[in-house]
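Structure first, then comments.
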Amino acid sequence: MADRVTVIGWDGSALTAPARSALGAATLVAGAAHHLALPEVPPTAERIRLGSVTLAARRIAQHRGTAVVLADGDPGFFGVVRTLRAPEHGLEVEVVPAVSSVATAFARAGMPWDDAQVVVAHSRDLRRAVNVCRAHTKVAVLTSPGAGPAELALLLAGVHRTFVICEALGTDRERVTVLTSDKVADHVWRDPNVVIVVGGSPAGAAAQGTGWIAAHEVGHPAGPRGWGLPDGAYGGALDEGESIQLRTAQLARLGPRVGDLVWDIGTGSGAAAVEAARFGAAVIAVDADPDACGRAAAVARRHGVQLQVVQGRAPQILEDLPEPDVVRIGGGGAAVVTACADRRPERIVTHAATRDEAEALGRALADGGYEVECALLQSVDLDTMAWVERERSVVFLLSGYRVPHP
């Protein structure tokens, strides 16, 4: 095992005295090509071009001497420190940090970033980073080859955002460009880059507020506690398909979370869509009724969440929507269930007023490759002053869980 392993962050500025001291004593130096070309790297040291950090860690673990790993920005923030400290390598590391590329990007943009989400984008799961950009008003994206600004913008089609693209930060090739998302795909961008994605409907006077916890929109109203909120939170009486009890059970089975894209088909008032968005998921609310779409957009603004509202009739309107993770179907019958199952979301929930309708929806889910759960939900709203029944609701709740392909 190496006698000593020091990880040095480099942000393009002159190395600090501790960094120069550690580098001067190194018998092995690992880093990217531009790191290994630094004049402070000892000419006699073994050099490792840093491609796979895991492979480099194995080589460092076998080295007898003093090792240094050079990395851009703060190596402890989405950087190499996590891999180097993995138990299988047995390495104890010292870290000499530098300013992270995210902090530098926001500094170049002249923006605060304690209220920003920060995500890493890889080509294999780029859509999850895109979903965070859909759901939040300020997101920093650490990109990678094949998952850069152009790819982000293409997957955000239909959602207006402003991109601040920071290329080659800390080098003599540094460039900062501000474009609307519809123009970004027309350009070729140099790696590495950081993209700040901003836009959407801010909640309150965010620019004037102060926060107390990172990665939450500054000025974002706390909102009512809990979920499955009463009708009054959404502007008045809702229809039976949006009742508190049904909505609560649907959301419990969907389990929307950060990085997910939720389809809410037949959104009605937008109550379920807004509550899914309050969990941090990106949500597309679909309804054929223009008045319903307007109500859903207004409710989203009132609750300070981001919704993409799409007017159109399912299943036809679904063809051009991005891939969902989970789907709530508020109406449309077996044809809509079948169309959603064809897109292979992880979970689908819907409801039925009669047993015959429930059986048809259950068959559609099963035929689409889903394990089906059905429950008959009965709820009685009581007047606690007189302890008499005010309202009774009976509905079939159907949940489909995707069965993995063998």
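The values are calculated or read from the model by the stated rules, or taken from the named source; none is laboratory data. Bear in mind that the values here come from a model prediction, so they are computed numbers and not experimental data. Positions of Cβ are generated from backbone atoms using ideal geometry, with glycine treated the same way; all protein chains shown enter the neighbour counts. The protein model used for the area step is the full one, side chains on, heavy atoms only, and it has no ligands, DNA or RNA in it. Shrake-Rupley method; radii C 1.70, N 1.55, O 1.52, S 1.80 Å.
At a glance:
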| item | result |
| --- | --- |
| A358, sole failed condition from (1) open to solvent by 30 Å² or more (accessible area, probe 1.4 Å); (2) over 26 Å from the mean Cα position of the chain (by Cα); (3) farther than 15 Å from R402 by Cβ | (1) |
| Where a residue in segment 146-171 is touching a residue at least 12 places away in the same chain (Cβ under 8 Å) and its partner, wherever it lies, is of a type in the set (D, E, K, R) and open to solvent by 10 Å² or more (accessible area, probe 1.4 Å), with Cβ under 6 Å and at least six apart | V159/R134; C166/R108; E167/R175; E167/R190; A168/E174; A168/R190; G170/D11 |
| Residue among V99, V184 that alone is open to solvent by 50 Å² or more (accessible area, probe 1.4 Å) and β-branched (V, I, T) | V99 |
| Filter pass, L318 being assigned to a helix (DSSP H, G or I), surrounded by 14 or more Cβ atoms within 10 Å (Cβ to Cβ) and without any contact (Cβ under 8 Å) to a residue 40 or more places away in the chain | no |
| R247 part of a helix (DSSP H, G or I) and either open to solvent by 10 Å² or more (accessible area, probe 1.4 Å) or of a type in the set (G, A, S) (or both) | no |
| Subset of segment 225-244 (residues that are touching a helix residue (DSSP H, G or I) at 6+ places or on another chain (Cβ under 8 Å), part of a loop (DSSP other than H, G, I, E, B), closer than 16 Å to R302 by Cα and open to solvent by less than 70 Å² (accessible area, probe 1.4 Å)) | L229, G235 |
| Selection from segment 116-133 of residues that are open to solvent by 20 Å² or more (accessible area, probe 1.4 Å) and either part of a strand (DSSP E or B) or not polar (S, T, N, Q) (or both) | Q117, V118, V119, V120, H122, R124, D125, R127, R128 |
| Listing of helices (runs of 4 or more DSSP H) fully contained in segment 24-95 that carry 2 or more residues being out of contact with any Lys or Arg (no Cβ under 9 Å at 6 or more places or on another chain) and open to solvent by 70 Å² or more (accessible area, probe 1.4 Å) | 53-62 |
| Options A292, A364, A285, A300; residue that is within 20 Å of the chain's Cα centre (by Cα), assigned to a helix (DSSP H, G or I) and crowded, with 19+ Cβ neighbours inside 10 Å | A300 |
| Residues satisfying the stated conditions in segment 166-195, i.e. in a strand (DSSP E or B) and either touching a helix residue (DSSP H, G or I) at 6+ places or on another chain (Cβ under 6 Å) or of a type in the set (D, E, K, R) (or both) | C166, E167, R175, V176, V194, V195 |
| Flag if P149 is surrounded by 14 or more Cβ atoms within 10 Å (Cβ to Cβ), within 25 Å of L307 (Cα to Cα), at pLDDT 95 or above and within 23 Å of the chain's Cα centre (by Cα) | yes |
| Test result for R328, of a type in the set (K, R), touching a residue at least 40 places away in the same chain (Cβ under 8 Å) and in a helix (DSSP H, G or I) | no |
| Search result, residues across segment 234-274 that are over 20 Å from L321 (Cβ atoms) and charged (D, E, K, R) | D239, E240, E242, R247, R253 |
| Looking only at segment 290-337, and only at residues there that are of a type in the set (D, E) and out of contact with any helix residue (DSSP H, G or I) (no Cβ under 9 Å at 6 or more places or on another chain), the one that is farthest from Y234 (Cα to Cα) | D320 |
| Count of segment 1-23 residues which are of a type in the set (G, A, S) and either surrounded by fewer than 15 Cβ atoms within 10 Å (Cβ to Cβ) or farther than 24 Å from L169 by Cβ (or both) | 5 |
